[in-house]
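The values are calculated or read from the model by the stated rules, or taken from the named source; none is laboratory data. As the structure is a computational prediction, the values presented were derived from the model and not from experiment. We work out accessible area using only protein heavy atoms, side chains counted, and drop any ligands, DNA or RNA first. Shrake-Rupley method; radii C 1.70, N 1.55, O 1.52, S 1.80 Å.
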Amino acid sequence: CQIYGIVQAAALILVFLQPFGTIFIWLSSCLLYSCIGGIANLAPSMIGTLFGRKDFAAANRLLNPMIYAIYSTSFLVVSRCLEVFGNYESVYIVFLALTAAGFAMVCAIDTEAIKVQHSKESS
């Protein structure tokens, strides 16, 4: 998840460099599209890693609707940024800020505490 956040942030930064050459268009496009392809597997993988095989169904049942609610707000963010600021640069800045916030939240996950809790519950 941390690598995904770094790649997503790099792709969004490269978007701002697109006016300086075709190479930046290609790099940002490849990175952004790889992130779009990877996100479908990222959420279930993270849930499986954190909650394990036995608790995956229960955790996925709770987290999946929340994840898709967040995904669906991207259209709202784009439309509001375009309405308020009138340009796509603002959209990329907002998504870069959201990526940074998500990266910080992922870094704050205490996987050891979750593993200890699961081992206590399994005993």
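Compute the acute angle (0 to 90°) between the alpha-carbon long axis of helix 2-16 and the principal axis of greatest extent of the alpha-carbon atoms of the chain; round to the nearest 10°. Its long axis makes an angle of about 10 degrees. Sequence-distant contacts, meaning Cα pairs under 8 Å at least 6 residues apart, place the relative contact order of the chain at 33 percent. Ser79 sits with roughly 60 Å² accessible to a 1.4 Å probe, with DNA, RNA and ligands left out of the calculation.
Angle of helix 22-85 to the longest C-alpha principal axis of the chain, folded into 0 to 90 degrees and rounded to 10: 10°. Size descriptor for the chain, Kirkwood hydrodynamic radius: 16.4 Å (Cα pairs only, one decimal). For the chain, the 222 nm mean residue ellipticity estimated from helices alone, with every DSSP H stretch of n ≥ 4 adding -39500 (n - 2.57) and the total spread over all residues, rounds to -32500 deg cm²/dmol.
Against the chain, whose longest principal axis comes from its Cα atoms, helix 88-108 is set at around 20 degrees. Taking each residue as 0.36 nm, the span from Leu63 to Phe24 lengthens on full extension beyond its C-alpha to C-alpha distance by 10.5 nm. How many percent of the alpha carbon pairs in the stretch 33-83 exceed a separation of 16 Å? Every Cα pair in the stretch 33-83 considered, those over 16 Å come to 52 percent.
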